[in-house]
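Chemist: I have a structure I would like to understand better, so I am pasting it below and will then ask my questions one at a time.
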Amino acid sequence: MPPFGLTLPGEIRFGRGTAAEAADRIAAMGARVLLVHGADAGRAEWLATALAARGVLAACVACPGEPDLPMLEAALDEARAAAPDAVAALGGGAALDLGKALAALLPSPTPARVHLEVVGEGRPLTADPLPLAALPTTAGTGAEATRNAVIGVPEARRKVSLRDARMLPDLALIDPALMDGAPRGVTLASGLDAVTQVIEPWLSTRANPMTDALCRPAIPRGLAALARLAEGEDARARDDMALVALTGGVALANAGLGAVHGLAGPLGGHAPGAAHGAICAALLPHVLAANAAAPDLAPETAARLETLRAMLRETLGVADWAALADWTRAAGLPGLDALGLDREEAPAVAEAARAASSMRGNPAALGQDTLERILDAAR
């Protein structure tokens, strides 16, 4: 058996009611806490009030959308004025990514860009990050358990990662009650991202026995939860989806991803208004089909894909990859055209995807023509 490692947040707390612990746990991290939240400050008011009552709230920073470099640089200026000792991030994957980036870069004397992959120099951090607590309010990216933050770079027309092993949160506090009542479209798009993030590590060339043990049961759990949430609000399905998202974060941090996320990075730059989860939902069936048809696919991976087809039949009632694509559209999730991708830009997206770090884990070598066919099919 080849050697492998497993990296995790400093502590994981999961379950309904755990949000009640948040203020005391975060207050213990530092005398001055920066609170990063999503576009709706009202959803973070409970935590801001609790931190203020404990005398530790230094400032609040909003994340109005998926973070890009200008937003990050402005937030760094704002946060430095508050001189925080720790960071708490409450929100969806975007807010958690911004919080992780701020915690990483606030102690750093170097500009943000030099630490970014692909468009920068990808330098490791020059100082340890500030202590960080992550509290997700959507079940999607698993950012509460990953060691990177995804940042858009508008002039390069792509999303890239700020990555360092020290960026794993010190505390990941996952209370599914914070996700109750999320809009159906957000729930399904985020949920398909979470499911993708347990499928891709399971199929990855970097999979190991620990990530397999996490991902194999999480896939049908996530698919079944998606089916229930497509029909309406369901607290138990919210719990399951939150667990799958956490599992996906742990799995991708340790086994990598694949072509869905390899394409999603440059697609996020070419269609900047598109939500990451919606992009993954549009791509997943067609990437699975391309991998299944690849001539260089390992027999073990082919067997896993057949197992995945059986899971799809048992949970969503779909027989194959094309039927999965039909299911996502019937659920109201858009294709790439509706998400804003210009068809003429598909070759540039495919070319950029081939160099993406996520592609290294894909179980088959997908060339330029195949990637362009995936983009065309996902429209």
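Chemist: From the list Ala319, Ala298, Ala325, Ala348, which residue is in contact with a Leu (Cβ under 9 Å, 6 or more places away or on another chain) and either more than 25 Å from Leu226 (Cα to Cα) or surrounded by 18 or more Cβ atoms within 10 Å (Cβ to Cβ) (or both)?
Modeler: The conditions single out Ala325.
Residues checked against (1) over 18 Å from His276 (Cα atoms); (2) touching a residue at least 60 places away in the same chain (Cβ under 8 Å); (3) touching a strand residue (DSSP E or B) at 6+ places or on another chain (Cβ under 7 Å):
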position: Ala149; (1), (2), (3): no, yes, yes
position: Pro154; (1), (2), (3): no, yes, yes
position: Pro169; (1), (2), (3): yes, yes, yes
position: Leu173; (1), (2), (3): yes, yes, yes
position: Ala182; (1), (2), (3): no, no, no
position: Thr196; (1), (2), (3): no, yes, no
position: Leu203; (1), (2), (3): yes, yes, no
position: Ile219; (1), (2), (3): yes, yes, no
position: Ala237; (1), (2), (3): yes, no, no
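Chemist: When Ala104 is evaluated against the numbered criteria (1) touching a His at 6+ places or on another chain (Cβ under 9 Å); (2) surrounded by fewer than 19 Cβ atoms within 10 Å (Cβ to Cβ); (3) part of a helix (DSSP H, G or I), which criterion, by number, is the only one it fails?
Modeler: Among (1) touching a His at 6+ places or on another chain (Cβ under 9 Å); (2) surrounded by fewer than 19 Cβ atoms within 10 Å (Cβ to Cβ); (3) part of a helix (DSSP H, G or I), the lone unmet condition for Ala104 is (2).
Chemist: Same structure, new question: Gly273 passes all but one of (1) touching a Cys at 6+ places or on another chain (Cβ under 7 Å); (2) within 25 Å of Ala330 (Cβ to Cβ); (3) not basic (Lys, Arg); which number fails?
Modeler: Condition not satisfied by Gly273: (1).
Chemist: Which one of the conditions (1) of a type in the set (Asp, Glu); (2) farther than 23 Å from Gly10 by Cβ; (3) open to solvent by less than 10 Å² (accessible area, probe 1.4 Å) does Glu144 fail to meet, given that it meets all the rest?
Modeler: So Glu144 meets the others, but not (2).
Condition check ((1) open to solvent by 40 Å² or more (accessible area, probe 1.4 Å); (2) modelled with pLDDT of 95 or more) across all residues:
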{"position": "Gly277", "(1), (2)": "no, no"}
{"position": "Cys280", "(1), (2)": "no, yes"}
{"position": "Glu306", "(1), (2)": "yes, yes"}
{"position": "Arg313", "(1), (2)": "yes, yes"}
{"position": "Glu344", "(1), (2)": "yes, no"}
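Chemist: Quick check on region 187-204. Is at least one of its residues under 15 Å from Ala259 (Cβ atoms), in a loop (DSSP other than H, G, I, E, B) and at pLDDT 95 or above?
Modeler: Yes, some residue in region 187-204 is under 15 Å from Ala259 (Cβ atoms), in a loop (DSSP other than H, G, I, E, B) and at pLDDT 95 or above.
Chemist: In the list Arg373, Arg343, Arg354, which residue meets the criterion of being among the charged types (D, E, K, R) and closer than 27 Å to Thr146 by Cβ?
Modeler: The match here is Arg354.
Chemist: Moving to a separate point now. Would you point out the residue of region 163-194, among those that are buried (at least 18 other Cβ atoms within 10 Å of the Cβ) and among the acidic types (Asp, Glu), that is farthest from Leu8 (Cα to Cα)?
Modeler: Asp193
The values are calculated or read from the model by the stated rules, or taken from the named source; none is laboratory data. In this text, all values refer to a predicted model and were calculated from it rather than measured experimentally. Cβ: placed from backbone, ideal geometry, glycine included. Neighbour counts: every protein chain shown. Keep in mind that these areas ignore ligands, DNA and RNA; they rest on the heavy atoms of the full protein, side chains included. Shrake-Rupley method; radii C 1.70, N 1.55, O 1.52, S 1.80 Å.
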